[in-house]
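The block underneath contains the structure these notes are about, expressed in structure tokens.
What follows is calculated from the coordinates using simple rules that are stated; it is not laboratory data. Computed from a predicted structure; not experimentally measured. All Cβ positions, even for glycine, are placed from backbone atoms using ideal geometry, and neighbour counts span all protein chains on display.
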Amino acid sequence: MYERFAHEYAIHAEDSPYNAFYDRPAVLGLAGDVSGLAVFDAACGPGLYAAELLNRGARVTGCDVSPTFVELALARTEGRADLRVHDLSEPLTWIPGGSCDLAVLALALHYFDDRVALLSELRRILTPRGALVLSTEHPTMGWVRLGGSYFREEAVEESLSPERDWPIRAWRRPLTSICAEFREAGFLIDELLEPRPVPEMAERYPEDHAHLEVLPAFIAFRLIPAPRP
Ligand SMILES: C[S@@+](CC[C@H](N)C(=O)[O-])C[C@H]1O[C@@H](n2cnc3c(N)ncnc32)[C@H](O)[C@@H]1O
């Protein structure tokens, strides 16, 4: 999906209001102190998270389905992270069960048809005291943009950005369904965050800041493995 516009997106995400001043501070905040942790960056994109996690002292492995993104991520992390091309619809066969302290899945869950299978696989690779931190589109944002019933569950084809021809296909679904999938995959919600834009955004991107102060674009979670019955 992203392969066709991977280079443009990589430049955009470095400094964009929604990525640099909103999503990354929220998700990295939920991740907490990662020093010394084994972190799996699922759907790593151009490596902006991987680089930050490394800088904060984590050991990072990860993957993305886009070869261009993985190339960019490897260059950004200068060989310090083990990143590879992999479709997350398939199992992470090279990652042993219970080997990761933290998994990060930023802004990608909504692209998967079988989200429970992906979440279950991420649960498998976590240690019993591990956590999955993820962000996804806030269901209210999708409803305001797309209209119709808030409760509709469907895959929608549109452009990632109204100003650009960046075609994507992503799921809209209500909060109840998002949380039910976490539970089905064996996770409990440790923390739910409706992020607020960081204060620096007000100066750099005043319009986006004002918008995000009244309507959340993304929602983020810290999930922990539910005890096995
Ligand atoms: C919005 S980007 C987020 C990238 C990165 N997590 C970040 O926040 O900077 C969504 C990412 O999901 C990846 N993705 C989508 N479908 C995927 C799949 N089936 N397997 C692996 N990665 C996938 C895309 O290639 C893209 O890198």
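Fully extending the segment from residue 8 to residue 215, taken as 0.36 nm per residue of separation minus the present Cα-Cα distance, adds 71.9 nm. Computed from backbone phi with θ = phi - 60° and the Karplus coefficients 6.51, -1.76 and 1.60, the 3J(HN,Hα) list for segment 87-93 is 8, 6, 6, 9, x, 8, 5 Hz; x is used for glycine and proline. Close amide H partners of residue 138, meaning residues 5 or more places away or on another chain with modelled amide H under 5 Å apart, are 218, 219. About the centre of its Cα atoms, the chain shows a dipole size close to 720 debye [charges on the beta carbon of Lys, Arg (+1) and Asp, Glu (-1) only; nearest 20 debye]. Amide hydrogen proximity for residue 84: with H placed 1.01 Å from N in the peptide plane, the residues at 5 or more positions away or on another chain lying under 5 Å are 62, 63, 64.
Let me know the whole percent of all Cα-Cα pairs from the chain that are separated by more than 31 Å. Tail of the P(r) past 31 Å holds 16 percent of the pairs. Look at the dipole of the chain built from charges on Cβ: of 68, 159, 100, the Cα furthest out on the positive end belongs to 100.
Per-residue extension of 0.36 nm, minus the Cα-Cα distance of residue 85 and residue 143, leaves a gain of 17.6 nm for this segment. Normalised by the number of residues in the chain, the average gap of Cα pairs under 8 Å and 6 or more apart makes the relative contact order 20 percent.
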